[in-house]
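Undergrad: Got a structure here, written out as structure tokens. Questions coming.
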């Protein structure tokens, strides 16, 4: 799978993976902050943005292999820092567990290590079928947006909402269905967190209603080298909602990640 991506800056490589059903534009503020001292590679995951959207189940392990293929295509063999938000976090976690030799640091933002409950998986399948049948993403978007942002974002920074809705509207029904089905069948990774030896930043919006701070704290405490950053005035899209708090936490973490020998 040849992914569309942006590649900016020079220095140690940082790869950032977006959430569902978004695209790489959600990381624009992080690219600006990191590019002066890092090479920041930001792909559109399969089915999203400008990347192809085949009719298939986009398993998280498969999406992780897409990222490896992208790195190989760029000639990047050294270990990199990989970060992901929500679904991107599921992919980053799969990458860290399946290819530990490719990872020197990990960032898990507003994401979960647990699998879907049977009820949540069934709801994803129901939504996938509805989107494929009607071709209409409107109900999905209208149902998701109120849960993505903190109340303070809606109140104080409402201009952040339309670009996210626009990104969601650009995702195809096939891409939405493939990702929903892939997330529904992802395995529970909680019992494998202890295998991740590299430094890990677990970041979460203080108002995240989808993957709340208590869940992020449990992930951080299960990691051999985990640290937790709770981002104020942010919900499920913490890097996007409050980059003024997220970016310093990310830069501090990157400074502490040992360089590749």
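The values are calculated or read from the model by the stated rules, or taken from the named source; none is laboratory data. Quick caveat: nothing in here was measured; it's all calculated off a predicted structure. Backbone-built Cβ (ideal geometry, glycine too); neighbour counts: all protein chains shown.
Undergrad: So residue 7 fits all but one of (1) more than 16 Å from the chain's Cα centre (by Cα); (2) free of Cβ contacts under 8 Å to residues at least 40 places away in the same chain; what number is the exception?
TA: With (1) more than 16 Å from the chain's Cα centre (by Cα); (2) free of Cβ contacts under 8 Å to residues at least 40 places away in the same chain applied to residue 7, the lone miss is (2).
Undergrad: Residues being buried (at least 21 other Cβ atoms within 10 Å of the Cβ) and part of a loop (DSSP other than H, G, I, E, B): count how many of those fall in segment 1-37.
TA: Qualifying residue count for the region: 7.
Undergrad: Inside segment 205-235, can you point out the residues that are in contact with a strand residue (DSSP E or B) (Cβ under 6 Å, 6 or more places away or on another chain), buried (at least 20 other Cβ atoms within 10 Å of the Cβ) and either assigned to a loop (DSSP other than H, G, I, E, B) or modelled with pLDDT under 95 (or both)?
TA: 223, 234, 235
Undergrad: Name the residue, out of 93, 97, 85, that is touching a helix residue (DSSP H, G or I) at 6+ places or on another chain (Cβ under 7 Å) and within 24 Å of residue 144 (Cβ to Cβ).
TA: Answer to the selection: 85.
Undergrad: Moving on. I need a count of the residues in segment 156-172 that are closer than 27 Å to residue 131 by Cβ and either free of Cβ contacts under 8 Å to residues at least 24 places away in the same chain or assigned to a helix (DSSP H, G or I) (or both).
TA: Adding up the residues that qualify gives 11.
Undergrad: In this structure, does residue 153 turn out to be part of a helix (DSSP H, G or I), buried (at least 17 other Cβ atoms within 10 Å of the Cβ) and either touching a residue at least 24 places away in the same chain (Cβ under 8 Å) or in contact with a strand residue (DSSP E or B) (Cβ under 9 Å, 6 or more places away or on another chain) (or both)?
TA: Yes, satisfied.
Undergrad: Going by the structure shown, is residue 199 crowded, with 18+ Cβ neighbours inside 10 Å and under 17 Å from residue 88 (Cβ atoms)?
TA: No: the conditions fail for residue 199.
Undergrad: Here is a list: 116, 44. Which entry is over 16 Å from the mean Cα position of the chain (by Cα), closer than 20 Å to residue 236 by Cβ and at pLDDT 95 or above?
TA: Exactly one residue qualifies, and that residue is 116.
Undergrad: Can you confirm whether segment 248-255 contains a residue that is part of a loop (DSSP other than H, G, I, E, B), at pLDDT 95 or above, farther than 17 Å from residue 95 by Cα and in contact with a strand residue (DSSP E or B) (Cβ under 8 Å, 6 or more places away or on another chain)?
TA: Within segment 248-255, the first condition is being part of a loop (DSSP other than H, G, I, E, B), and the residues that meet it are none.
So far as segment 248-255 goes, no, none of its residues is part of a loop (DSSP other than H, G, I, E, B), at pLDDT 95 or above, farther than 17 Å from residue 95 by Cα and in contact with a strand residue (DSSP E or B) (Cβ under 8 Å, 6 or more places away or on another chain).
Undergrad: Quick check: anything in segment 98-115 in a helix (DSSP H, G or I) and free of Cβ contacts under 8 Å to residues at least 24 places away in the same chain? Lay out the reasoning, then the answer.
TA: First, pick out the residues of segment 98-115 that are in a helix (DSSP H, G or I): 98, 100-102.
Pick out the ones that are also free of Cβ contacts under 8 Å to residues at least 24 places away in the same chain and you get 101.
Yes.
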